[in-house]
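The values are calculated or read from the model by the stated rules, or taken from the named source; none is laboratory data. All values derive from a computational prediction rather than experimental measurement. Quick reminder, even Gly has a Cβ in these numbers, built from the backbone with ideal geometry, and neighbours come from all protein chains shown. The area values use the complete protein model at the heavy-atom level, side chains included, leaving out ligands, DNA and RNA. Shrake-Rupley method; radii C 1.70, N 1.55, O 1.52, S 1.80 Å.
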Amino acid sequence: MRRESRGLFPDLFDLLEAPMAALRPMAGQQMRLEDYIENGRYVLRAELPGIDPDKDVEITVSNGVLTIHAERRHEERQAHRTEFRYGSFTRSVTLPQNVDENDVKATYDKGILEVSVRLAEEREERKRIPIEMPGAEQKRK
């Protein structure tokens with residue numbers, strides 16, 4: 001489930017995985033993600049360099065879906081010129097079925113946001129379903 005680095009050509013391979021994405025207009029900036037399971041937790045890592053996580057990132061979990069929303073605002077002023085860069089991006093990921101949505105942790109270090117959700121113990125619950133036969137009670141009388 002872990003997505004490894006692809007070396008020198010990650011963008012080319014991403015394009016090959018989703019060829020139609022190049023034809024769609026960019027609705028915003030992309031957020032690179034990787035996910036894996038480690039030490040009983042589902043871990044999602046997102047590349048968000050240059051973002052203040054306290055002001056510009058919102059993480060929500062609802063109905064088995066983890067959503068990361070971030071905004072980037074940057075302004076450079078020089079003597080006769082000002083340059084603005086801004087944008088927002090959102091990614092939603094369906095969580096594994098056995099996660100505990102009440103145990104979610106997030107850290108941000110060196111441009112990488114890491115969100116982890118505890119995996120609940122998987123219990124195999126079986127319930128026997130009785131089979132009803134129409135007319136079976138009339139025969140018994």
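Kindly evaluate HIS69 against the criterion of being more than 27 Å from ASP35 (Cβ to Cβ) and either in a strand (DSSP E or B) or open to solvent by 50 Å² or more (accessible area, probe 1.4 Å) (or both). So that I can check it myself, show each step before the final result.
On the way: more than 27 Å from ASP35 (Cβ to Cβ): no; either in a strand (DSSP E or B) or open to solvent by 50 Å² or more (accessible area, probe 1.4 Å) (or both): yes.
No.
Just a yes or no: is a residue in region 78-86 among the β-branched types (Val, Ile, Thr), in contact with a strand residue (DSSP E or B) (Cβ under 8 Å, 6 or more places away or on another chain) and exposed (fewer than 15 other Cβ atoms within 10 Å of the Cβ)? Among the residues of region 78-86, at least one is among the β-branched types (Val, Ile, Thr), in contact with a strand residue (DSSP E or B) (Cβ under 8 Å, 6 or more places away or on another chain) and exposed (fewer than 15 other Cβ atoms within 10 Å of the Cβ), which makes the answer yes. Within region 101-129, residues that are touching a residue at least 40 places away in the same chain (Cβ under 8 Å) sit with their Cβ atoms under 6 Å from residues that are surrounded by fewer than 10 Cβ atoms within 10 Å (Cβ to Cβ), at 6+ positions apart or across chains, in these pairs: GLY111/PRO49. The set of residues from region 70-111 being among the aromatic types (Phe, Trp, Tyr) and under 19 Å from ARG45 (Cα atoms) comprises PHE89, TYR108.
Report the residue count in region 104-126 for those that are open to solvent by less than 40 Å² (accessible area, probe 1.4 Å) and either closer than 26 Å to GLN30 by Cα or at pLDDT 90 or above (or both). Steps first, answer last, please.
As a first pass, look at region 104-126 and keep what is open to solvent by less than 40 Å² (accessible area, probe 1.4 Å): 111, 113, 115-117, 119-120.
Retained after the next criterion (residues that are either closer than 26 Å to GLN30 by Cα or at pLDDT 90 or above (or both)): 111, 113, 115-117, 119.
Number satisfying all stated conditions: 6.
Scanning region 87-103 for residues that are exposed (fewer than 12 other Cβ atoms within 10 Å of the Cβ), of a type outside the set (Ser, Thr, Tyr) and part of a strand (DSSP E or B) returns a single hit, ASN102. The single condition among (1) surrounded by 13 or more Cβ atoms within 10 Å (Cβ to Cβ); (2) among the small types (Gly, Ala, Ser); (3) part of a loop (DSSP other than H, G, I, E, B) that GLY50 does not satisfy is (1).
Yes or no: ARG128 assigned to a strand (DSSP E or B) and among the charged types (D, E, K, R)? Even if it seems obvious, please write down each step before you answer.
Values: assigned to a strand (DSSP E or B): no; among the charged types (D, E, K, R): yes.
Here the answer is no, as ARG128 does not meet what is asked.
All conditions but one from (1) part of a loop (DSSP other than H, G, I, E, B); (2) within 13 Å of ARG45 (Cβ to Cβ) apply to GLU114; the one that does not is (1). Listed conditions (1) touching a Lys or Arg at 6+ places or on another chain (Cβ under 7 Å); (2) at pLDDT below 90; (3) closer than 17 Å to TYR36 by Cα are all met by TYR86, apart from (3).
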